[in-house]
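The values are calculated or read from the model by the stated rules, or taken from the named source; none is laboratory data. Source: prediction; values computed, not measured. Neighbour counts are summed over all protein chains in view; Cβ atoms, including those assigned to glycine, are modelled from backbone coordinates with ideal geometry. Just so you know, the surface numbers come from the protein's heavy atoms only, side chains and all, with ligands and any DNA or RNA stripped out. Shrake-Rupley method; radii C 1.70, N 1.55, O 1.52, S 1.80 Å.
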Amino acid sequence: MTTPFRDQVRDFKKERILEEASTLFYERGYRGTTLDAIAERLEVSKPFIYHHFASKAELLVEIYKRVLRLCLDTIEAAATGPGTAREQLRAFAVNYTQIVIKEQAIVAIFFREEQNLPPDQIDSINAMKREFDAKLTRLLQDGIDKGEFRITDVRLATLALTGMMNWAYTWYRSQGRLAPDIISQSMAELAERLAGIVPA
């Protein structure tokens, strides 16, 4: 079904607001950014923003949930995709690393601004985090059960794997030594080592 034009326009406006909010939160921090500043960047009035988002906090929550939806989509695609557990792990590591690099600004916000989340949103966000961790843990456990991975502590391996890839948001530079494709492939190789791939 084709999305009505009015809905497309609304979604475009919301997307633009989120883009500018993300840029400013990344550059100035959440507390250092006002809705007036976002409106100024967009060359609109503050009521224009309020028409789409009730508050600055709602913008932050949407950024958090967007990051988590990307993460969940990535692990779900890998875990339900074709191939061995090793191939699924590699697909996850490549795609996850690419997200961290491509979405560097919102990933940085995700790790920097948790203390500014509205208290009434913490539970739902934490539930999404737990769902992601559980899916990745299951992928690793599946590899263990099939005799493809040699992991002594699957929970620790889950944390180590995501921590290794997440940290790229702090050091990746577009003009740096390594291109995103090289970084993502290297992360996949490191993920395989971490999983203790059992030779065929």
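For the reader, a short list of remarks on this structure follows.
- Within the accessible area of the chain (1.4 Å probe), percent carbon and sulfur: 53
- Cubic angstrom per residue, convex hull over Cα atoms of the stretch 25-106: 103
- In terms of accessible area, using a 1.4 Å probe and ignoring ligands and nucleic acids, Val94, Val44 rank largest first as Val44, Val94.
- Peptides 169-179, 33-43 ranked from most to least packed by the mean count of surrounding Cβ atoms within 10 Å: 33-43, 169-179.
- Per residue, the chain exposes an accessible area of 56 Å² to a 1.4 Å probe, with every protein chain left in place.
- Computed packing ranks the peptides 122-133, 16-27 as 16-27, 122-133, most packed first, by mean other Cβ atoms within 10 Å.
- Answer label for percent of Cα pairs over 24 Å apart (calculated), chosen among [x] 39; [y] 34; [z] 49: [z]
- Ordering of 185-192, 86-93 by packing [mean C-beta count within 10 Å, highest first]: 86-93, 185-192
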